[in-house]
Amino acid sequence: MANIETFDEHPSGTLAAGDGFKLADVDPDSTPGYPGGKSDGRALLEELDGKLAALQEQLFAEAKFGGTKRVLLILQAMDTAGKGGIVAHVVGAMDPQGVQLKAFKAPTDEEKSYDFLWRIEKEVPAAGMVGVFDRSHYEDVLIHRVHGWAPPEELERRYTAINEFEARLAASGTRIVKVMLNISRDEQKARLLARLDDPSKHWKYSSSDLKERAFWDDYMAAYQAAFDKTHTEVAPWHVVPANKKWYARIAVQQLLLQAMEDLNLKWPAAEFDVALERSLVERS
């Protein structure tokens with residue numbers, strides 16, 4: 001990567017929401033660990049697309065021969081924070097055959113008749129896949145806390161259930177990457193106005209976004225509680241400053257790359273005589 005600016009400090013450390021973490025202390029406009037600017041970030045993203053795609057192919061190939069490893073990227077954020085951009089510009093570098101994307105909407109009546117994790121467990125990635133949750137089980141502790149739809153004791157039960165669920169996933173070979181894209185209230189306002197000013201973006205706008213915006217401080221408190229309760233060794237949270245979309249994308253790309261590298265992926269060994277098959281191909 002000659003002449004391409006790289007991270008001075010890896011996002012897995014600088015963006016971790018561990019002990020003592022305070023969301024209020026994070027500047028959504030900052031670029032922790034990265035000394036370059038927008039053009040540098042775009043160049044880095046493009047440079048590492050191939051590496052990410054190659055690792056995903058290895059993950060997929062291993063599973064074809066009995067491998068159980070998989071990756072789950074969980075994306076949480078306030079509206080307009082850029083989840084779709086992460087899917088398009090980071091996850092989009094990978095072969096779609098090896099990606100399972102699920103965008104969770106408000107639960108249906110049937111889904112509400114079961115425990116909150118019922119619909120989530122049905123969507124966990126299969127072996128060899130990179131799963132992506134655009135919103136997730138965390139909605140059931142965020143919005144329910146903000147609007148008082150669940151009492152405190154039920155929220156505590158859900159935090160515990162989430163930790164147990166994620167521990168089971170990790171034990172089964174899943175590498176979990178949990179990301180909160182952190183934008184400022186002012187930046188969200190600017191992005192909402194930009195959607196209204198562009199007819200090609202009107203389909204993205206919903207008046208419900210404005211209603212939830214009124215509870216901004218409550219949501220920040222709910223996110224802080226989620227970090228406090230569910231940041232674990234096997235499923236740590238990372239809070240990515242997201243006012244600069246280009247930075248959010250390279251930070252998430254770095255987190256995914258590390259998750260896959262930590263799986264120590266190997267190309268499956270040939271189960272046939274390579275020399276013999278080569279000679280047969282040459283004579284064909």
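The values are calculated or read from the model by the stated rules, or taken from the named source; none is laboratory data. Small disclaimer: the values here were computed from a predicted structure and weren't measured. Every residue, glycine as well, gets a Cβ built from its backbone with ideal geometry; the counts of neighbours run over all protein chains shown. What goes into the accessible areas is simple: the full protein's heavy atoms, side chains included, and nothing from ligands, DNA or RNA. Shrake-Rupley method; radii C 1.70, N 1.55, O 1.52, S 1.80 Å.
Of note:
- Exactly one residue out of Ser172, Ser208 is without any contact (Cβ under 8 Å) to a residue 24 or more places away in the chain, open to solvent by less than 80 Å² (accessible area, probe 1.4 Å) and among the small types (Gly, Ala, Ser): that is Ser208.
- In the set Leu142, Leu169, Leu155, only one residue is part of a helix (DSSP H, G or I) and over 22 Å from the mean Cα position of the chain (by Cα); that residue is Leu155.
- Residue match in the range 66-82 (condition: in a helix (DSSP H, G or I) and either in contact with a helix residue (DSSP H, G or I) (Cβ under 9 Å, 6 or more places away or on another chain) or in contact (Cβ under 8 Å) with a residue 60 or more places away in the chain (or both)): no
- Restricting the range 157-168 to residues that are touching a residue at least 40 places away in the same chain (Cβ under 8 Å) and open to solvent by 20 Å² or more (accessible area, probe 1.4 Å), the residue that is nearest to Val71 (Cα to Cα): Ala167
Residues checked against (1) surrounded by fewer than 21 Cβ atoms within 10 Å (Cβ to Cβ); (2) part of a loop (DSSP other than H, G, I, E, B); (3) without any contact (Cβ under 8 Å) to a residue 60 or more places away in the chain:
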| position | (1), (2), (3) |
| --- | --- |
| Lys178 | no, no, no |
| Glu187 | yes, no, no |
| Ala190 | yes, no, yes |
| Leu196 | yes, no, yes |
| Ser200 | yes, no, yes |
| Ala226 | no, no, no |
| Gln253 | no, no, no |
| Leu263 | yes, yes, no |
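- Exactly one residue out of Ala61, Ala24, Ala88, Ala54 is without any contact (Cβ under 8 Å) to a residue 40 or more places away in the chain, more than 29 Å from Lys105 (Cβ to Cβ) and of a type in the set (A, V, I, L, M, F, W, C), and it is Ala54.
- Yes/no for Ile143 being open to solvent by less than 40 Å² (accessible area, probe 1.4 Å), in contact with a Ser or Thr (Cβ under 8 Å, 6 or more places away or on another chain) and more than 30 Å from Phe65 (Cβ to Cβ): no
- No other residue among Ala88, Ala24, Ala43 is part of a helix (DSSP H, G or I) and either surrounded by 13 or more Cβ atoms within 10 Å (Cβ to Cβ) or of a type in the set (D, E, K, R) (or both) apart from Ala43.
- Ala127 meets each of the listed conditions (1) surrounded by fewer than 19 Cβ atoms within 10 Å (Cβ to Cβ); (2) out of contact with any Ser or Thr (no Cβ under 6 Å at 6 or more places or on another chain) apart from (2).
- Residues of the range 91-110 that are part of a loop (DSSP other than H, G, I, E, B) and either buried (at least 22 other Cβ atoms within 10 Å of the Cβ) or not acidic (Asp, Glu) (or both): Met94, Phe104, Lys105, Ala106, Pro107, Thr108.
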